[in-house]
Amino acid sequence: MLSETIRALQSYIRLTAAKFRETERIGPFLATYYLESGSPFLNYAIPDDGAVPTEDDVAALTEAFRERGLAPRLEFLTEAVPAAEAVLVRCGYTLERRVPLMICAPGQVVEQPKPAGISLVTPKTEGELRRMIRAQNLAFGEVDPDEHLDPSPDQLSGETMSVMAVDENGEVVGGGVATAILDGATEIAGIGVLEQYRSRGIAAAMTEYLTREAHARGGRSVFLTPGAGQAERVYGRVGFETAAECVHLSVV
């Protein structure tokens, strides 16, 4: 039986994926398209909980993405749809990666040391948010960090929680967000620190900051998916524990 935690997390992922995108029901799949960008991370499908798709379902999904000039792709929690991966692989999809999904429940967060010379600030104005987003772009190696600086409406309203790390000279050296809470769930994402400021505990401190804020607002399931390198270990120090696995599949 699917646990309530897994059900809530998959429902959250499904709802947020559809929030700013075109959607289409294809058999047991919800396909989401962000036609302004061909990025595979913005265009993917999510199967229904417990779905056992047929080969015809998969063929229709693949064709729908190809008609839009997009790479057919899916992201979902394996615990929510245990039978789907085998069908998709049989139909030509290949595994991109398996990503642990980590959760920090209320009362589980661990206090982190304050990074020397760094202040954590909640950006409130559009200008502050743009400075934070630029620092994130730099941290993630964007070719042009001055592109795509406009904050989302949820960031401007404060529904999406944001934090930026500021050094003693007033330079924004990192940032991150926790998405708007839906049914008690929120995702911490975009935790980025400029390269020359890494290994000083800033990422862990920002994660703790956002987690506590999310808990204070009623978030019961604060979750994240760690990136490569030491990210999983860093988040573990803050109190996050692996609770599920997110699988990414695509076909060329």
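The values are calculated or read from the model by the stated rules, or taken from the named source; none is laboratory data. Nothing here was measured: the structure is a model prediction, and the numbers come from that model. No Cβ is skipped: glycine too gets one built from the backbone with ideal geometry, and neighbour counts run over all protein chains shown. All accessible areas refer to the heavy atoms of the entire protein, side chains included, with ligands and DNA or RNA removed. Shrake-Rupley method; radii C 1.70, N 1.55, O 1.52, S 1.80 Å.
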**Report entry** Condition broken by ILE46, with the remaining ones in (1) closer than 18 Å to SER221 by Cβ; (2) surrounded by fewer than 16 Cβ atoms within 10 Å (Cβ to Cβ); (3) among the β-branched types (Val, Ile, Thr) satisfied
**Finding:** (2)
Report summary line: Residues of the stretch 87-110 being among the β-branched types (Val, Ile, Thr), open to solvent by 60 Å² or more (accessible area, probe 1.4 Å) and not in a strand (DSSP E or B), in sequence order, are VAL89, VAL110
Query - Selection within the stretch 115-156 - among the charged types (D, E, K, R) and farther than 17 Å from ILE191 by Cβ - result: LYS124, GLU126, GLU128, ARG130, ASP144, ASP146, GLU147, ASP150, ASP154
Query - Selection from the stretch 116-128 of residues that are surrounded by 13 or more Cβ atoms within 10 Å (Cβ to Cβ), part of a loop (DSSP other than H, G, I, E, B) and either hydrophobic (A, V, I, L, M, F, W, C) or touching a helix residue (DSSP H, G or I) at 6+ places or on another chain (Cβ under 6 Å) (or both) - result: PRO123
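Yes/no per residue for (1) touching a strand residue (DSSP E or B) at 6+ places or on another chain (Cβ under 8 Å); (2) of a type in the set (Phe, Trp, Tyr):
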{"site": "ILE6", "(1), (2)": "yes, no"}
{"site": "ALA17", "(1), (2)": "yes, no"}
{"site": "PRO28", "(1), (2)": "yes, no"}
{"site": "TYR33", "(1), (2)": "yes, yes"}
{"site": "PRO53", "(1), (2)": "yes, no"}
{"site": "ASP56", "(1), (2)": "no, no"}
{"site": "PHE76", "(1), (2)": "yes, yes"}
{"site": "GLU96", "(1), (2)": "yes, no"}
Report summary line: Just one listed residue, out of VAL163, VAL173, is under 17 Å from the mean Cα position of the chain (by Cα) and in a strand (DSSP E or B), and it is VAL163
Query raised in the report: Here are PRO106, PRO113, PRO40: which of them is at pLDDT 95 or above and either out of contact with any Asp or Glu (no Cβ under 9 Å at 6 or more places or on another chain) or closer than 20 Å to GLU24 by Cα (or both)?
Result: PRO113
Report summary line: Given (1) of a type in the set (S, T, N, Q); (2) open to solvent by 10 Å² or more (accessible area, probe 1.4 Å); (3) assigned to a helix (DSSP H, G or I), THR242 misses just (3)
Query raised in the report: For residues in the stretch 194-220 being closer than 18 Å to ARG233 by Cα and in a loop (DSSP other than H, G, I, E, B), which is least open to solvent (accessible area, probe 1.4 Å)?
Result: GLY201
Query raised in the report: Would you say PRO113 is open to solvent by 30 Å² or more (accessible area, probe 1.4 Å), within 19 Å of GLU232 (Cα to Cα) and assigned to a strand (DSSP E or B)?
Result: no
Query raised in the report: Quick check: is even one residue across the stretch 177-184 out of contact with any Asp or Glu (no Cβ under 7 Å at 6 or more places or on another chain), part of a helix (DSSP H, G or I) and either of a type outside the set (Gly, Ala, Ser) or free of Cβ contacts under 8 Å to residues at least 40 places away in the same chain (or both)?
Result: no
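The rows are residues; the columns are (1) closer than 26 Å to LEU15 by Cβ; (2) surrounded by 12 or more Cβ atoms within 10 Å (Cβ to Cβ); (3) out of contact with any Gly (no Cβ under 7 Å at 6 or more places or on another chain).
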| residue | (1), (2), (3) |
| --- | --- |
| ASP146 | no, no, yes |
| PRO151 | yes, yes, yes |
| LEU156 | yes, yes, yes |
| GLU168 | no, no, no |
| GLY176 | yes, yes, no |
Report summary line: Restricting attention to the stretch 3-32, the residues that are among the polar types (S, T, N, Q) and free of Cβ contacts under 8 Å to residues at least 60 places away in the same chain number exactly 2
Query - Residue in the stretch 73-86 that is open to solvent by less than 70 Å² (accessible area, probe 1.4 Å), touching a His at 6+ places or on another chain (Cβ under 8 Å) and closer than 23 Å to SER3 by Cβ present - result: yes
